1. Determine which single condition Arg82 fails, assuming it passes every other condition in (1) over 15 Å from the mean Cα position of the chain (by Cα); (2) loosely packed, with under 15 Cβ neighbours inside 10 Å.
2. Any residue at all in the stretch 207-219 that's in a helix (DSSP H, G or I), open to solvent by 60 Å² or more (accessible area, probe 1.4 Å), touching a His at 6+ places or on another chain (Cβ under 9 Å) and on the phi < 0 side of the Ramachandran plot?
3. Does the stretch 90-112 hold any residues that are in a helix (DSSP H, G or I) and surrounded by 12 or more Cβ atoms within 10 Å (Cβ to Cβ), and which are they?
4. Could you check the stretch 120-167 and list, in sequence order, the residues that are open to solvent by less than 90 Å² (accessible area, probe 1.4 Å), farther than 23 Å from Gly190 by Cβ and in a loop (DSSP other than H, G, I, E, B)?
5. Quick check on the stretch 73-82. Is at least one of its residues in contact with a Ser or Thr (Cβ under 9 Å, 6 or more places away or on another chain), in a helix (DSSP H, G or I), of a type in the set (D, E, K, R) and within 24 Å of Asp186 (Cβ to Cβ)?
6. Would you please name the residue that is farthest from the chain's Cα centre (by Cα), looking only at residues in the stretch 30-48 that are open to solvent by less than 20 Å² (accessible area, probe 1.4 Å) and either over 30 Å from Ser189 (Cα atoms) or among the polar types (S, T, N, Q) (or both)?
7. Residue pairs, Cβ under 9 Å, 6 or more apart or interchain, first in the stretch 35-53 and under 16 Å from Phe16 (Cα atoms), second among the acidic types (Asp, Glu). List them.
8. Looking at Ile178, is it open to solvent by less than 90 Å² (accessible area, probe 1.4 Å), within 27 Å of Asn41 (Cβ to Cβ), hydrophobic (A, V, I, L, M, F, W, C) and in contact with a strand residue (DSSP E or B) (Cβ under 7 Å, 6 or more places away or on another chain)?
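The values are calculated or read from the model by the stated rules, or taken from the named source; none is laboratory data. Model, not experiment: these values are computed from the prediction. Here the Cβ positions follow ideal geometry from the backbone for every residue, glycine too, while neighbour counts run over all protein chains shown. Accessible surface areas use protein heavy atoms only, side chains included; no ligands, DNA or RNA. Shrake-Rupley method; radii C 1.70, N 1.55, O 1.52, S 1.80 Å.
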Amino acid sequence: RVSSSEEGLQWISTAFHLCSPLKNSDDVGAFKSWLSETWVNLAMVNYPYEAFFLQPLPAWPIQVVCKFLTNSNLPDRELLNRIFQAANVYYNYTGQAQCLNISQTATGSLGDTGWYYQACTEMVMPMCSDGVNDMFEPQKWDFPSFSADCFKTWGVKPRQTWITSVYGGKNISAHSNIIFSNGDMDPWSGGGVRKKISESLIAINIPEGAHHLDLRSKNVNDPASVLKARSLEIQYIKKWIQEFRQRS
């Protein structure tokens, strides 16, 4: 509603300290997508200690962010102010950002453009939301649009079934010596292998784990479930190495 007028667009741009002001409905769409990705990224990096993976963030950043989002019944502009305060935890925890750039959702030093190239050339990952089973506006998966964007950005067109043809999709019983670790707080765990398939295709689910927390450096604030997961991973890897040496 606020974005329906020129004055409202100007107000949002000022309230969110945007580097480039919103001027039209396309800008509003980009702004909303930027906010959606912000919440997803926050869930990904909900680590139990200060970290600098996607952005410099406090320990358990979701808890910090949610302090600003406790009342959805506020007047529009007051609610938007709260949303800005929440987003600002992600984009300006250090207090050094002069403005917020809606074309970026991760620190520039991460080099995440390589990830988008991989998504266009190696593994198509359908994304959608329905606004009922999630907290986002309804958005259907649109492969033609995704393909067109890949071609516009990289000059390549994604092969929709390449990854399943090469690696077997869900039929991976012929593979071996793989540990699929899933952090339950990581949105990506929804597409992970969650159940053990065989003695050499192992699933480890980590209730207190965010994105690849078990693969990060040891920290005194690591939860017990992460410590247990790392211990299991080491056991399996040692076991498979020993079995290989015995066969050799």
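1. Unmet for Arg82, out of (1) over 15 Å from the mean Cα position of the chain (by Cα); (2) loosely packed, with under 15 Cβ neighbours inside 10 Å: (2).
2. no
3. Within the stretch 90-112, Tyr90, Tyr91, Leu110 qualify.
4. Correct list: Gly155, Val156.
5. no
6. Per the stated criteria, the residue is Asn46.
7. Once the first residue is under 16 Å from Phe16 (Cα atoms) and sits in the stretch 35-53, its partners that are among the acidic types (Asp, Glu) give Ser36/Glu137.
8. Judged against the criteria, Ile178 is a match.
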